[in-house]
Ligand SMILES: *Cc1c(COP(=O)(O)O)cnc(C)c1O
């Protein structure tokens, strides 16, 4: 199957899952995760109607941007090093992967310099996996208060990557926890902090993430096929 067909099939599935969850399709965006994938495939997905693309590496992202139509919304979803922030500012629709106060400060600083406000999500390591970045469910509340004071950024919600699973259902507990954290933060009524967005759900578990309130599912493999990291330059 072509990735055009894959994209349409996943979109259909998302639509079905949203209906099943009693939600309106407009409340969840399918982000096609195109890291390591060549432009031809992104263009195929674009032709199928995809306008939201997710990338993990700054260099790859900034290389791809000028080669794709201007109405693409670029999502930075990978771990972001502070010293790379300056290359990204003004180019993203949303940065999903803000995982430290220090990184938030740098995004704020560079955004102010550029005279813009950058929308961000805060990444939470809900499952406490050692291999993953993110705030902990325990320290996110203090951090969000600190981050809310930083000019040049606007916190739009939370993001998580749940563990690799065999069945989507296994990750329900983590999605539910992220949703609950967003409710707890919202209750604090912090200035400049919105909790409208929940970025959760990947190829293996998006059905359950949608059921638990996801507003961005980040799908790579199911659209573009397996990734081959050995070819990455
Ligand atoms: C690669 C990646 C995805 C996509 O994962 P698939 O399992 O291929 O759908 C989603 N989110 C993040 C943060 C990723 O790094």
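The values are calculated or read from the model by the stated rules, or taken from the named source; none is laboratory data. Since the model is a prediction, treat every value here as computed from it, not as a measurement. Neighbour counts run over all protein chains shown; Cβ positions are idealised from the backbone, glycine included.
What the table shows:
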read-out: Meets criteria (surrounded by fewer than 17 Cβ atoms within 10 Å (Cβ to Cβ) and either part of a loop (DSSP other than H, G, I, E, B) or within 16 Å of the ligand (Cβ to nearest atom) (or both)) for residue 151; value: yes
read-out: Residues being within 27 Å of residue 149 (Cβ to Cβ), within 16 Å of the ligand (Cβ to nearest atom) and without any contact (Cβ under 8 Å) to a residue 12 or more places away in the chain - total across the stretch 165-221; value: 0
read-out: Residue 95 within 15 Å of residue 76 (Cα to Cα) and either within 16 Å of the ligand (Cβ to nearest atom) or part of a strand (DSSP E or B) (or both); value: yes
read-out: Breaking point among (1) closer than 20 Å to residue 214 by Cα; (2) touching a strand residue (DSSP E or B) at 6+ places or on another chain (Cβ under 7 Å); (3) not in a strand (DSSP E or B), for residue 158; value: (3)
read-out: Every pair of residues 6+ apart whose Cβ atoms lie under 8 Å, when the first sits in the stretch 77-98 and is under 13 Å from residue 111 (Cα atoms) while the second is part of a loop (DSSP other than H, G, I, E, B) and within 14 Å of the ligand (Cβ to nearest atom); value: 88/80; 95/80
read-out: Any hit, the stretch 101-112, residues being modelled with pLDDT of 95 or more, within 15 Å of the chain's Cα centre (by Cα), over 21 Å from residue 175 (Cα atoms) and buried (at least 16 other Cβ atoms within 10 Å of the Cβ); value: no
read-out: Sole residue being away from the ligand (no atom under 13 Å from the Cβ) and modelled with pLDDT of 95 or more, chosen from 87, 57; value: 87
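A quick yes/no check of all residues on (1) surrounded by 19 or more Cβ atoms within 10 Å (Cβ to Cβ); (2) within 28 Å of residue 86 (Cα to Cα):
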position	(1), (2)
19	no, no
25	no, no
31	yes, yes
35	yes, yes
43	no, yes
47	no, no
50	yes, yes
